[in-house]
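A quick write-up on the structure given underneath.
The values are calculated or read from the model by the stated rules, or taken from the named source; none is laboratory data. Just so it is clear, the structure is predicted and the values come from calculations on it, not from any experiment. Cβ sites come from the backbone with ideal geometry, for glycine too, and all protein chains shown count toward neighbours.
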Amino acid sequence: MKKHVFALITIALFVHYFAPAHLFGADDKFGIGVKGGFNKLEGDWKEPRYNPMGSFTFSYHPIPYFGVGAEVNTSTLRTKSYADLISSVNDPAMIDYNLFQVSSLPIELDFRFNFSPFTTVNPFASIGFGGLWWDARYDGKTILDLNAEDQKGMSLFFKTSGGIEFIFDNGLGLMLGADFRYSAFDLVDQIESGDENDGITSVWVGLNYYISRKDPSDLDSDNIPRQLDLDLYRPEDRNGFWDHDGKPDYGKAPKDSKSPTLIHYPIFRTEAGKNLKINAVITSETPIRTAAVLYRTTGTTKWKLAPLKNSVELKYEGTIPGRDITEAGIDYCVVAVDQNLKGIGYSGLPKRPIVVNVDKNGNSWRVVSGIAAFLGWGAAAYIVMRKQNIN
């Protein structure tokens with residue numbers, strides 16, 4: 001299990017380092033996805049195994065901070081102890097516990113809360129409920145109880161989940177997370193004992209594909225306002241080079257240009273009152289004299305300036321203060337001037353700036369998300385860590 005956790009952490013660090021910091025978040029989007037990982041039974045078994053699991057997911061997000069989803073999960077639950085089978089078979093010492101399993105198929109409805117939907121790294125929490133179909137089998141056949149009845153059925157359950165999603169502007173989302181499902185039944189493991197019912201803990205990696213509701217005025221769906229888009233029918237190629245004008249350039253500067261080359265991934269969405277970090281990579285044949293961010297409140301004419309500082313090698317960083325970011329929106333340009341004052345590199349221009357839509361409800365939704373995470377994972381931690389009273 002430690003190897004699986006290490007692999008998940010490695011993937012998270014890799015994506016966090018190489019992905020851009022901010023992305024566009026649509027107000028209204030659908031998602032489909034798959035999940036794969038490992039789970040184990042939290043019940044009366046002394047030595048439950050970790051077993052493979054998989055899921056199909058469907059979701060709808062009416063707003064960036066909240067979504068409703070459905071999930072169909074399938075897995076098998078196993079033990080690695082003969083003693084755990086004592087109530088299921090007459091003579092556990094004479095059988096192969098590798099042939100015993102409980103097939104589980106949870107079908108559920110989830111309510112998801114996003115902490116930071118406008119950034120690449122988005123922590124989330126969810127709570128939900130559904131029905132758990134289970135079937136206790138030995139050597140492929142359903143086990144019979146003392147009354148010759150099949151040991152299978154359907155049980156209600158409560159679910160809590162949480163994790164991190166890395167969201168990319170091509171509609172993909174990579175998720176790392178964990179679930180806990182608590183059943184209203186205490187015979188999933190074929191042992192009815194203690195004052196707690198059975199549960200299932202899962203750790204997983206998932207992949208989502210989101211389909212956003214299209215803005216009718218944005219014909220090529222590249223998030224560039226119609227009045228600023230130089231090519232209405234071909235989408236901007238998101239490579240960080242001149243991504244402000246809506247015209248694909250395929251990363252090629254004019255052949256005779258000796259101006260600094262400035263790579264910046266535009267930010268299209270942020271939250272009111274929150275500092276907006278601007279990153280750029282700048283290369284030039286001559287030393288850079290100055291680099292800065294010009295910004296203004298959308299609809300106004302007065303520009304302000306925030307310097308970009310050289311942080312690591314070719315990377316420059318700056319900040320638009322949160323006090324200047326209101327729900328009216330922000331326009332900005334990133335510029336770099338060489339030492340000779342003859343060459344200018346840019347992303348966005350005063351006449352064709354990058355336009356940022358600003359949301360005002362971020363803090364309120366984070367409080368709601370925090371409450372959901374505290375209640376869900378607090379209950380899960382209590383159930384898993386508590387030593388139940390045995391009858």
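Please go through segment 269-287 and pick out each residue that is within 24 Å of GLU313 (Cβ to Cβ) and in a loop (DSSP other than H, G, I, E, B).
So in segment 269-287, the residues within 24 Å of GLU313 (Cβ to Cβ) come out as 275-287.
Matches in segment 269-287: ASN275, SER284, GLU285, THR286, PRO287.
Suppose the filter is touching a residue at least 40 places away in the same chain (Cβ under 8 Å) and small (Gly, Ala, Ser); does GLY163 pass it? Judged against the criteria, GLY163 is a match. Residue selection: TYR17 satisfies the criterion of being more than 23 Å from ASP110 (Cβ to Cβ), loosely packed, with under 15 Cβ neighbours inside 10 Å and either modelled with pLDDT under 50 or touching a helix residue (DSSP H, G or I) at 6+ places or on another chain (Cβ under 6 Å) (or both). When VAL384, VAL356, VAL337 are checked against the criterion of being farther than 21 Å from ILE263 by Cα and in contact (Cβ under 8 Å) with a residue 60 or more places away in the chain, VAL384 stands alone in meeting it.
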